[in-house]
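Visitor: This is the structure, below, for whatever I ask next.
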Amino acid sequence: MDAKTAYEQLVAWSKETSLLGSVMGVLGWDQRVTMPPKATPYRAEQFALLSRLIHERTTDPRVGEWLQIVEQSDLVADPESDSAVNIRQWRRRYDRMTKLPTELVAEFTRVTAIAEKAWEQAREKSDFAHFKPHLEKIVALVREIAERLGYEKEPYDALLDEYEQGMTAEEVEALFAPLRERTPQLVERIRNAPRQPDTSILHRHYPRDAQEKFCRLVAERIGFDWEAGRLDPTVHPFATRITPGDVRITTRYYEDFLSPSLFGTIHELGHALYEIGLPAEHFGTPLGGAASLGVHESQSRMWENFVGRSHAFWEHFYPIAQQHFGALSDVPLDAFVFAINAVQPSTIRVEADEVTYNLHILLRFELELALLRGELEAVDLPDAWNERFRAYMGFTPPNDAEGVLQDVHWSGGMIGYFPTYTLGNLYAAMFFEAAERDLGDLHAMFRKGEFTPLLEWLRENIHQHGKRYTAKQLVERVTGKAPSAEPLLNYFERKFGALYGI
Ligand code: ZN
């Protein structure tokens, strides 16, 4: 077979496999948004069948043969060409799938399915002992997976690479170090600041229908296309691209708390806009996919925090918000903007503010790294958690449910995932700086309700490249600088300095 034919085979195989994945996407969205509870057992069978079909396709030995042919051709001569990018990513996926024995993959699936149930029960009762044996198995399995996948410096790198390709634990440690040094001091200064926000205004009565109407209005003005997407309520909000013409976001409504629906919508909208901006002609091949989870999160965080929590954004939207919500009629704009930006150390990561959020991630990254280095065992986690938490936040969580048991990730075997959240924040700050360098005063645009220039800049500089570059390469291309925490820390100093008068 010649290289051209082998490449065509790979593209067809990749696109069909992705179609199966997008069918799973529809089923997954349905399960989390509209499915009646009694559908669960058959839905599980539908998922199991599709997963098996996808697994068979991804480990098909013919893929290995095709790859060998194309890798020796001039299709890989230019590393940034469409074909070279696809071939590199197919190889990476194929190796990861075939380096792990089928029994190990099956065991991992079985153990994590049981562990997720056990974790739910353990968190409910705040009983770490109930989760411990499952977590021990998971740690043993991910250690084995890391060994089998291989790494240059440390086992953690093999796991991190799954979520943030090309990034190593050493690089993450270096990137996070300035955050560890400077964030607790900033939080302390904020705590002692002369001005403090009144967050009770966000807990007045906000009717659900008005929230939904307002969320839709904001999404539309930023640039969401209802002909190619949806917004629905769910328990744990997410965004999903089914196909290029079908990108769906979800949110949740609390009538006594305005922030979750609003900033949840803008966050998921950021993810959706990235998915919409990916090159549709490459849908189903790696080139049509997101660069990394960190880059994905940079898009959601940019719209949620750098745009949606800015004073300028609310200079445009606040009069409209006041028309929707009677509860805001006596609240001045500045008081509202201060309240939605309140900084307050708290136990739960997903409820954390912009500044303390990264401390939650640092803590998890350090514990995961210690687990993979064998310096820590599952049994040690509650104490290690509480000790580090106190060092970062100044107090100890009241129980394990609000401490070591709060996140679903470890029960699902997702070790190496957490750093991508903070990487997303770092990249967002860098991208925002670069956009401002190219476009001028972004806040002046937001004040006028103009979001298209930023969105188009993101499409041109980030979205359209899909997986052509790694996150690191992309950051360097767009900003001219290597990834760094400085822009994020400077943004914190500027923004919270002004709000809190420090
Ligand atoms: Zn996100």
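Visitor: Ignoring ligands, DNA and RNA, what percent of the 1.4 Å accessible area of the chain is carbon and sulfur?
Guide: 51
Visitor: Between their Cα atoms, which of K99/K153; K38/K117; K99/K137; K4/K99; K117/K137 are more than 22 Å away from each other?
Guide: With Cα atoms farther than 22 Å apart: K4/K99.
Visitor: Still on this model: Report, in debye and to the nearest 20, how large the dipole of the chain comes out about its Cα centre when Lys and Arg carry +1 and Asp and Glu carry -1 on their Cβ.
Guide: Roughly 620 debye for the chain.
Visitor: Still on this structure, I have one more. Give the calculated FRET efficiency between E436 and R216 to the nearest 0.05, with a Förster radius of 25 Å applied to their Cβ-Cβ distance.
Guide: It comes to 0.30.
Visitor: Next up: Compute the orientation-averaged projected area for segment 1-73 from the convex hull of its Cα atoms and round it to one decimal in nm².
Guide: 5.2
Visitor: OK, next. Tell me, what ³J(HN,Hα) does each residue in segment 374-390 have, in order and in whole Hz, if you take phi through Karplus 6.51 cos²θ - 1.76 cosθ + 1.60 with θ = phi - 60° and put x for Gly and Pro?
Guide: In residue order, the calculated couplings are x, 7, 9, 10, 3, 4, 7, 4, x, 5, 4, 4, 5, 4, 5, 4, 4 Hz.
Visitor: About the Cα centre of segment 141-210, what is the dipole size in debye to 20, counting +1 per Lys and Arg Cβ and -1 per Asp and Glu Cβ, all else neutral?
Guide: Value, rounded to 20: 800 debye.
Visitor: Given all pairs of different Cα atoms, what value in angstroms does the Kirkwood hydrodynamic radius of segment 204-359 take?
Guide: Final number for the Kirkwood radius of segment 204-359 is 16.4 Å.
Visitor: Once phi is turned into θ = phi - 60°, what whole-Hz ³J(HN,Hα) does the Karplus curve with 6.51, -1.76 and 1.60 give for every residue of segment 126-137, x standing for Gly and Pro?
Guide: Values per residue, Gly and Pro as x: 6, 10, 4, 4, 5, 8, 3, x, 5, 5, 4, 5 Hz.
Visitor: Lysines near K481 by alpha-carbon distance under 24 Å, same-chain residues fewer than 8 away left out - which ones?
Guide: Result set, ordered by chain and number: K467, K472, K495.
Visitor: Given R₀ = 45 Å, what would the calculated FRET efficiency be for L49 paired with M1, taking r from the Cβ atoms and rounding to 0.05?
Guide: Calculated value: 0.90.
Visitor: Please list the non-local residues whose amide H lies under 5 Å from the amide H of F257, H modeled 1.01 Å from N, same-chain partners needing a gap of 5 or more.
Guide: Residues meeting the criterion, in which the H sits 1.01 Å from N, are Y206.
Visitor: Per-residue HN-Hα couplings for segment 348-359, Karplus 6.51 cos²θ - 1.76 cosθ + 1.60 at θ = phi - 60°, whole Hz, x for Gly and Pro?
Guide: Computed from phi, the couplings for segment 348-359 are 9, 4, 5, 9, 6, 6, 3, 7, 6, 3, 5, 5 Hz.
Visitor: For the chain, calculate the relative contact order in percent as a whole number, restricting contacts to Cα pairs under 8 Å that are 6 or more residues apart.
Guide: Relative contact order of the chain: 21 percent.
Visitor: So what's the Cα pair-distance distribution over segment 196-283, bin width 10 Å, in %?
Guide: Histogram of Cα-Cα distances, whole percents per bin: 17, 46, 25, 9, 2, 0.
Visitor: Add -39500 (n - 2.57) for each DSSP H run of 4 or more in the chain, then divide by its residues: what number comes out at 222 nm, to the nearest 500 deg cm²/dmol?
Guide: Mean residue ellipticity, 222 nm, calculated: -20500 deg cm²/dmol.
Visitor: Further question: Restricting attention to the alpha-carbon atoms of segment 50-188, what are Rg (one decimal) and Dmax (integer), both in Å?
Guide: Using the Cα atoms of segment 50-188, the pair Rg, Dmax is 19.8, 59 Å.
Visitor: Ok, one more. For a quick check: with amide H placed at 1.01 Å from N, whose amide H comes under 5 Å from T251's, ignoring anything fewer than 5 positions away on the same chain?
Guide: Placed amide hydrogens put D232, T234 under 5 Å from T251.
Visitor: How would V475, V235, V379 line up by accessible area, probe 1.4 Å, largest first? Present the calculation step by step, with values, prior to reporting the outcome.
Guide: On the way: V475 0, V235 105, V379 80 Å².
Per-residue accessible area, sorted high to low, gives V235, V379, V475.
Visitor: What three numbers, in Å, describe the spread of the alpha carbons of the chain along their principal axes, ordered from the longest?
Guide: 72, 50, 50
Visitor: While we're here: Could you give the angle, 0 to 90 degrees to the nearest 10, between helix 259-277's Cα long axis and the longest principal axis of the Cα atoms of the chain?
Guide: So the inclination is approximately 40 degrees.
Visitor: Next up: Would you mind getting me the FRET efficiency between D198 and A228? Use the beta-carbon distance for r and R0 = 30 Å, nearest 0.05.
Guide: Calculated value: 0.15.
Visitor: For the chain, report the accessible area per residue in Å² (1.4 Å probe, heavy atoms, rounded to an integer).
Guide: For the chain, the per-residue accessible area is 43 Å².
Visitor: Search the structure for amide H atoms under 5 Å from the amide H of G229, placed 1.01 Å from N in the peptide plane, and list their residues when 5 or more places away or on another chain.
Guide: V247
The values are calculated or read from the model by the stated rules, or taken from the named source; none is laboratory data. The structure presented is a predicted model; accordingly, all values stated were derived computationally and were not measured. Backbone-built Cβ (ideal geometry, glycine too); neighbour counts: all protein chains shown. For the accessible areas, the whole protein counts, side chains as well, though only heavy atoms, and no ligand, DNA or RNA atoms are used. Shrake-Rupley method; radii C 1.70, N 1.55, O 1.52, S 1.80 Å.
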